[in-house]
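Encoded as structure tokens, the structure appears first; notes follow it.
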Amino acid sequence: MPATQIDVAIPHQLMDELAAARLRTDELFAIVKSDSLYDRPIAERHRIVFYIGHLEAFDWNLLHDRVLSLKSFHPQFDRLFAFGIDPVGGGLPNDQPSDWPSITAVREYVAAVRNTLDEKLADALFEPNPPSSDGFPLTALLNVAIEHRLMHAETLAYMLHQMPLDRKIVYNEPLELSASPVIHRAIEIPSGTVTQGLTRASGHFGWDNEFESHRISVPAFSIDQYKVTNRQYLEFMEAGGYQTREFWTNGDDEDNDPNRDSDWRWRSERGVSHPAFWKHDQDQWLYRTMFADVALPLDWPVYVSQAEAKAYARWAGKSLPTEAEWQRAAYGTPDGEEREYPWGSESPGGNRDLGNFDFTRWSPVPVNAFPEGQSAFGVHGMLGNGWEWTSTQFAPFPGFEPFPFYRGYSADFFDGKHLVMKGGSARTAVCMLRRTFRNWFQPHYQYIYTGFRCVSR
Ligand code: AVJ
């Protein structure tokens with residue numbers, strides 16, 4: 001293909017991706033009944049109306065002066081809606097609905113930002129020398145806007161998940177409750193080398209924490225073939241898992257974990273006694289999907305905080321994998337080559353048989369539902385159907401540089417209080433299923449679509 005055709009195709013694609021990402025977030029806000037848009041479904045987070053403004057304010061603040069030479073038309077909203085992440089360890093927000101602008105004013109701002117950006121972007125992307133900022137081309141900044149929005153499409157789903165059903169417009173989702181019987185076993189992974197991260201020279205888009213590329217040796221270990229299921233987690237609960245302190249304390253310091261004494265305190269102070277997605281009803285467990293309460297689907301992966309995952313692993317006499325072990329199980333091969341995806345090189349975009357991701361469903365499926373997606377070592381379900389906790393603290397790779405236009409994206413969380421998650425969920429967009437993408441959360445956050453599997457060393 002002549003170079004000019006490539007130049008034209010890439011910008012078009014990014015505008016289409018931005019438009020598609022906007023549809024995803026619009027579709028989410030449409031789930032909320034109109035009299036509930038000022039609710040705060042999770043105590044630590046903002047009210048829903050904030051996020052309607054935030055997604056546009058983020059794009060505007062990122063792009064308008066840096067690369068598009070546009071003047072702000074609503075600086076007050078640009079600031080009000082700028083920051084969407086919880087403060088760590090601080091108190092809970094106590095703003096009132098009346099502190100926020102009307103939904104009409106917010107929606108007008110959203111429409112105006114979109115129109116103004118789109119008009120200017122269409123020109124800027126086709127200029128002979130498209131604009132750049134600190135050496136980052138406009139296309140990289142657009143990828144940041146698109147992926148930022150798609151990450152919120154997932155974290156907003158976590159938030160709306162916690163709303164009472166009578167505040168949502170309910171969609172009758174067909175649920176996949178059983179596949180063939182799940183037979184658990186551990187798979188031996190021989191020692192080998194794992195490549196982490198991206199090289200800047202590759203020109204591939206990645207967030208700041210994905211650079212630079214480097215290799216790590218991983219000693220042999222064995223790993224669960226499937227994610228831990230609700231059925232297995234129930235056994236842990238019935239064995240007194242939530243009441244047994246030794247499962248919640250890192251006495252041996254094996255992970256060098258700074259949160260080692262805090263897990264039991266968290267469990268006790270909050271009175272945590274079951275996964276946040278479960279609900280006890282008379283004498284049975286129910287599972288709260290996005291749109292319904294159903295009898296606990298035993299073969300679905302359990303979604304829990306990292307503290308709960310570690311407690312289960314200790315009860316089972318095992319551990320959580322490190323980030324490098326997880327990658328070795330997912331992308332390594334017996335001959336030492338590394339794959340692009342667990343199943344090979346096929347992009348997950350076009351094949352719905354490779355896993356439960358990219359918004360096809362709202363809910364999990366049984367852990368053995370996608371045999372075609374297994375890794376070279378035969379480990380199932382590593383991409384999709386729920387992120388997976390690792391024991392690795394979120395920290396920079398060698399050669400890390402913060403993005404000059406978004407310095408805090410990762411660096412604000414290199415605090416020893418966040419753990420890496422790998423994989424993806426039913427609500428993870430296909431672009432973030434790349435090998436180098438790293439997600440992270442605090443160890444006591446229960447409202448995420450994140451499970452785990454165990455390793456033995
Ligand atoms: C990468 C998912 C941990 O939501 O806390 C969104 C993504 N950062 N806006 C988060 C993010 C800024 C972030 N995670």
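Screening segment 177-187 for residues that are surrounded by 13 or more Cβ atoms within 10 Å (Cβ to Cβ) and at pLDDT 95 or above and picking the one that is farthest from TYR287 (Cα to Cα) gives ILE187. Flag not set for ALA122, criterion: within 18 Å of PHE437 (Cβ to Cβ) and away from the ligand (no atom under 16 Å from the Cβ). If the requirement is being outside the structural domain of THR322 (by TED's automatic domain parsing), of a type in the set (D, E, K, R) and at pLDDT 95 or above, which of these qualifies: GLU210, GLU173? The unique qualifying residue is GLU173. Only one of the listed residues (GLY91, GLY135) is small (Gly, Ala, Ser) and at positive phi. That residue is GLY135.
The residue that is farthest from GLU238 (Cα to Cα), counting only those in segment 305-345 that are aromatic (Phe, Trp, Tyr) and touching a strand residue (DSSP E or B) at 6+ places or on another chain (Cβ under 9 Å), is TYR331.
Residue-wise test of (1) within 24 Å of LEU68 (Cα to Cα); (2) in contact (Cβ under 8 Å) with a residue 24 or more places away in the chain; (3) not acidic (Asp, Glu).
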| residue | (1), (2), (3) |
| --- | --- |
| ASP123 | yes, no, no |
| GLU127 | yes, no, no |
| PHE136 | yes, yes, yes |
| LEU142 | yes, yes, yes |
| ILE146 | yes, yes, yes |
| LEU156 | no, yes, yes |
| MET159 | no, yes, yes |
| PRO164 | no, no, yes |
| VAL170 | no, yes, yes |
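Among the numbered conditions (1) farther than 21 Å from ARG438 by Cβ; (2) touching a helix residue (DSSP H, G or I) at 6+ places or on another chain (Cβ under 6 Å), the only one that GLU337 does not meet is (2).
If you go through segment 20-61 and pick out every residue that is part of a helix (DSSP H, G or I), more than 15 Å from the ligand (Cβ to nearest atom) and of a type in the set (Gly, Ala, Ser), you end up with 3. Please go through segment 384-413 and pick out each residue that is of a type outside the set (Val, Ile, Thr) and in contact with a Pro (Cβ under 6 Å, 6 or more places away or on another chain). Once the filter is applied, which keeps residues that are of a type outside the set (Val, Ile, Thr) and in contact with a Pro (Cβ under 6 Å, 6 or more places away or on another chain), segment 384-413 yields ASN385, GLY386, ALA411. Against the list (1) crowded, with 19+ Cβ neighbours inside 10 Å; (2) under 28 Å from TYR409 (Cα atoms), the condition GLY203 fails is (1).
Within segment 316-334, the set of residues being buried (at least 24 other Cβ atoms within 10 Å of the Cβ) and in a helix (DSSP H, G or I) comprises GLU325, TRP326, ARG328, ALA329, ALA330.
Go through ALA111, ALA153, ALA145, ALA105 for me and flag whichever is surrounded by fewer than 20 Cβ atoms within 10 Å (Cβ to Cβ) and under 28 Å from GLN13 (Cα atoms).
ALA111
Criterion applied to ARG45, ARG66, ARG79 was being among the charged types (D, E, K, R) and in contact with a Leu (Cβ under 9 Å, 6 or more places away or on another chain), and the one residue passing it is ARG66. Of all residues in segment 356-381, exactly one satisfies the criterion of being among the aliphatic types (A, V, I, L, M) and either in the same structural domain as LEU160 (by TED's automatic domain parsing) or in contact with a Gly (Cβ under 6 Å, 6 or more places away or on another chain) (or both), namely VAL367.
For segment 287-306, the set of residues classified as buried (at least 24 other Cβ atoms within 10 Å of the Cβ) and either at positive phi or among the small types (Gly, Ala, Ser) (or both) consists of SER305 only.
The values are calculated or read from the model by the stated rules, or taken from the named source; none is laboratory data. Worth saying up front: this structure is predicted, and the values here are computed from it rather than measured. Positions of Cβ are backbone-derived with ideal geometry, glycine not excepted, and every protein chain shown enters the neighbour counts.
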